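First, the structure itself, so that you have it in front of you.
Throughout, read-outs are computed from the coordinates displayed, never taken from laboratory work. In this text the structure is predicted, and so the values were computed from the model without any measurement. All Cβ positions, glycine included, derive from the backbone under ideal geometry; neighbour counts span all protein chains shown.
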Amino acid sequence: MYKIQTFNLTKKFDNFVANDNISISIKQGEITAIIGENGAGKTTLMNMLYGLLQPTSGKIEINGKEVHLKSPIDAIENGIGMVHQHFKLVPSLTVFENIMLGTEVKKGIRIGKKLKFNSFIIDNKKEKEEVQKIIDLYKFDLNPNDIVDNISIGSKQRIEILKMLYRNVDILIFDEPTAVLTPQEVDELLESFRELKSQGKTIILITHKLREIMEVSDNVVVIKRGKVIGEKKTSETTVEEIANMMVGRDVVVNVNKDRNTGKQGEVVYELRNISTESQPGKKCLKNINLQIHEGEIVGIAGVEGNGQSELVKVITGLMESTEGEILINGQDITNKWPKEIRKSGIGIIPEDRYAQGLCIDMKICDNFIAGYHDKEEFSSKGFLKFDEIEENSNKLIDKYDIRVADRKGNVSQLSGGNAQKIIIAREVESNPSLLIASQPTRGVDIGSIEFIHNKILELRKSNKGILLISSELSEIMNLSDRIAVMYKGEIIDIVNADETTSSELGLLMAGINKI
């Protein structure tokens, strides 16, 4: 018997069909990957399985019995839990408090020998014991007493999983679970999946990471434009075949980058002895020295939390450096405002597209000119040129193949990958001397990854400089000409990309210098 099935599941938003007669069958104790391009309908399907959306037509069965999931509470009561891409945790609370939130254990009060009732006082000791039991059961590396704000992103991910497991779910849905994890944390999470599977849990995995699919899943279901277009046993398919089904054409899984030969271009960007402090007396960046030449991609590699985020903040004007200089084409832009940094000829793809790159409640056309709205082509004497702004938006939507249901709608209506393409289009079209690309493909599908990589390589070919910061080591190795490795706020080595290996970089990332 199948653990969970959908029959002709359809979801419409007015005239737009997000899911079109989707029928899938998943057995207990299997890991099934649901994949497809951004906007293919994966998240809509998962939201119906978790009760966040209700189907327009069709049905859902669990253990052969039809269920009507009108809310996440209904889903959890039917054994379905969902771990979202963006965590829903309270940073100031402990691990055990977050796991128990909403299901608190209250202290009992006894009056006399017979009368006993629950008070409003939370039994912290009992809660810690309960949480420790479930941590031990699933072999997760967590301390119940740790404050969530002080732990790694990978640990926060495990808390989200335990929140669902404590509520006795049998089916776990993961929406892009590794989008914000380091390579080491990804490996730990995949091992957690295997442990969950060994204990009989059924896992549905939404991801764009084909390596993870091949490594951990039993089956692959491909969705394209709201329809199931293919189902395969993972052991009977290849990365290339899956990519082809997703995009509908052959996709270059590994970047083919021309080697930089001949004379090196002029220095376009330079960091000289850049240092800064996270708090008075505590340096988080120490004497960062780096040069980027015309027509060169320099990658920053390192385990998350070793200063990459602080470096990006300093060079994009969100954090002040306490020492050193930053130069663009010889011009000193140290500690300038983001607007001034952009005007100096720098394009910025931020680490967090929603927090720093887009206003989701603003129109698509307005996001295309954000930070550049005072350019002559978009404004005159303090007044915006609305026709030109709309024309620019339509041109970039077509040029960058951005999938939108409503061209005049807000960014909030777009999938993550299509939202990311707005930032890519805006910054590349500004024709920068230097592009700072921080996590440019985080959480986007393989077709969009290929597109973004090609745009970065086009900039390189047109003699621009690129600083690439990515938690994806394969992305750093494939795109970069040189790689700077950060460890504890310092650049501990700079290597040529075609003269190193992932093993050597892994040692450097762990703080072990090459001999």
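With a point put 7 Å past each Cα toward its Cβ, work out how far ASN143 is from GLN331 in nm, to one decimal.
Between ASN143 and GLN331, the label points sit 4.9 nm apart.
Which angle between 0 and 90 degrees, to the nearest 10, do you get for helix 416-429 versus the longest principal axis of the chain when only C-alpha atoms count?
Helix 416-429 sits at roughly 10 degrees to that axis.
Shifting gears a bit: Show that you can apply the helix-only estimate: for the chain, add -39,500 (n - 2.57) for every DSSP H stretch of four or more residues, divide by all residues, and state [θ] at 222 nm to the nearest 500.
-9000 deg cm²/dmol
If I model a spin label as a point 7 Å beyond the Cα along the Cα-Cβ vector, how far apart are those points for LEU384 and GLU499 in nm?
My value for the distance between the label points is 5.0 nm.
For PHE386, what is the net charge nearby, where nearby means another residue's Cβ is under 11 Å from its Cβ and Lys, Arg count +1, Asp, Glu -1?
-3
Relative to the longest principal axis of the chain, what angle (0 to 90°, nearest 10) does the C-alpha long axis of helix 386-399 take?
Once rounded, one gets 80 degrees.
Let me ask something additional. Evaluate the distance, in nm, between pseudo-label points positioned 7 Å from the Cα of SER430 and of ASN21 along their respective Cα→Cβ axes.
Going from the SER430 label point to the ASN21 one covers 4.7 nm.
For a Förster distance of 45 Å, can you work out the FRET efficiency between the beta-carbons of GLU241 and ASN273, rounded to the nearest 0.05?
Taking R0 as 45 Å, the efficiency between GLU241 and ASN273 is 0.35.
Step through the residues of segment 496-511 one at a time and calculate ³J(HN,Hα) from phi using the Karplus curve (6.51 cos²θ - 1.76 cosθ + 1.60, θ = phi - 60°), rounding each to whole Hz and writing x for Gly and Pro.
Couplings: 6, 4, 8, 10, 9, 10, 5, 5, 5, 5, x, 5, 4, 5, 8, x Hz.
Mark the label point 7 Å from the Cα of LYS106 along Cα→Cβ and return the residues of segment 116-160 whose backbone N is within less than 13 Å of it.
Hits in segment 116-160 for LYS106 at 13 Å: 116-123.
Where does the charge balance sit around ASN98 when Lys and Arg score +1, Asp and Glu -1, over other residues with C-beta under 14 Å from its C-beta?
It works out to a net charge of -1.
Now for a separate question. Against the longest principal axis of the chain, how steep is helix 446-461, in degrees 0 to 90 to the nearest 10, with axes from Cα atoms?
Helix 446-461 sits at roughly 10 degrees to that axis.
Net charge within 12 Å of GLY317 by Cβ-Cβ distance, Lys/Arg positive one each and Asp/Glu negative one each, not counting GLY317 itself?
Value of the local net charge: +3.
Rounded to the nearest 0.05, what FRET efficiency do LYS133 and ILE229 have when you use their Cβ-Cβ distance and R0 = 51 Å?
For LYS133 and ILE229, the calculated efficiency is 0.75.
Over all directions, average the projected area of the Cα convex hull of the chain and note it in nm².
So the Cα hull casts an average projection of 29.4 nm².
Please work out the Cα center distance from segment 360-384 to segment 3-18, rounded to the nearest Å.
Taking the Cα centre of segment 3-18 as reference, the centre of segment 360-384 is 37 Å away.
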